[in-house]
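Please treat every number below as a calculation from the coordinates, not as lab data. Predicted model, so just to flag it, every value in this text is computed and none were measured. Note that we place each Cβ from the backbone using ideal geometry, even for glycine, and neighbour counts take in every protein chain shown.
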Amino acid sequence: MYIIAGPCAIENYNQVKEIAEAVKDAGATHFRGGVFKPRSSPDAFQGVGEEGLYLLEPAKALLPVVSEATQIGNVSLIAAAVDIIQVGSRNMHNIELLRAVAQTNKPILLKRGYAALIEEEWLKAAAYIRQAGNNQILMCERGIRTFEPYTRNTLDLAAVGAVHALTAYDVIIDPSHAAGRPELVIPFALAGLAAGADGVMIEVHNNPAHARCDGHQALTPREFADAVPLMKEVYEICCSQ
Ligand code: PEP
Ligand code: MN
């Protein structure tokens, strides 16, 4: 079971260290943290960038790390620094980026485009990675755009069964970007695991009110820790079917 947890964006040494220690103690299998951030607004924090890559070190000392490559130009930097390379929702259709990350031979966490069809687009994006010689792919459902604004996106639980039926890839649920509000993050994670997901990726911040990115949907380390035993229980029941 994958339990990937950490801040939307890494900010400074102490933030990374504190969150990595907390999520590891709580049972996380991987640390997540964006170095390069693909933000909707050009005015929003774009990530610490190349000069801040070293800030991942305290997390790397504790757990395998997941972080996003946002363009061909930062693929090799990210590949050298992390264990799993994320391709974000906004980049799922970026064919040249898919080929470039595939060539690193690192596992790829491929987020579903927020308006992508499962079979015709998301799985075809995975096929680009596979055809470039890399079959280590984690499919991440992070919610799709619907007409409903109460949640940031709409978690498409059908994606779990569809990907399992059509491929051998593991499916990770990202309830944080689907919900966009902390009180729904754990219910969405549990629903995804009940639907058969192989793991979750959850945003956790030691000070959500002051987070530079996505603090409005972050869990505190305590909220995350409290939910881990239940997530493991649901996974054990549902993955054995
Ligand atoms: C993220 O996980 O940091 C992220 C930017 O998510 P998404 O690509 O799903 O919007
Ligand atoms: Mn985020």
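Worth a mention:
- For segment 133-241, the alpha carbon positions stretch 41, 33, 30 Å along the principal axes, listed from largest to smallest.
- Exposure proxy ranking, count of Cβ atoms within 10 Å, fewest first, for His177, His210: His210, His177
- Equivalent ellipsoid semi-axes, segment 97-158, via Cα gyration tensor eigenvalues times 5, rooted, Å: 26, 11, 9
- Helix-only [θ]222 nm of the chain, DSSP H runs n ≥ 4, -39500 (n - 2.57) each, per residue, nearest 500: -11000 deg cm²/dmol
- Kyte-Doolittle mean at least 1.0 and Cα axial length at least 18 Å: DSSP H helices in the chain: 182-194
- Cα-centre dipole for the chain with unit charges at Cβ (Lys and Arg positive, Asp and Glu negative), debye to 20: 380
- Note on segment 71-132: Cα convex hull, mean projected area over all directions, 3.6 nm².
- Counting only Cα atoms, the chain measures 42, 40, 34 Å along its principal axes, largest extent leading.
- Over 17 Å [Cα-Cα, segment 53-96], rounded percent: 32
- For segment 70-181, dividing the convex hull volume of the Cα atoms by the residue count gives 95 Å³ per residue.
- Residues Val204, Val171, sorted so that the one with the fewest Cβ neighbours within 10 Å comes first: Val171, Val204
- Shown here: segment 1-124, whose C-alpha atoms stretch 41, 35, 25 Å along the first, second and third principal axes, sorted largest to smallest.
- Quotient of C-alpha Rg and 2.2 N^0.38 Å, computed over segment 164-226: 1.20
- Estimated FRET transfer efficiency (Asn105, Ser40; beta-carbon r; R0 22 Å; 0.05): 0.10
- Shown for Glu203, Glu236, Glu121, Glu21: other C-beta atoms within 10 Å of each C-beta, ranked fewest to most, produce the order Glu236, Glu121, Glu21, Glu203.
- Spin-label pair Met1/Arg90, simplified geometry with 7 Å Cα→Cβ offset, distance in nm: 3.3
- Signed unit charges on C-beta, dipole axis of segment 157-241, positive-most listed residue Pro187, Ala165, Gly215: Gly215
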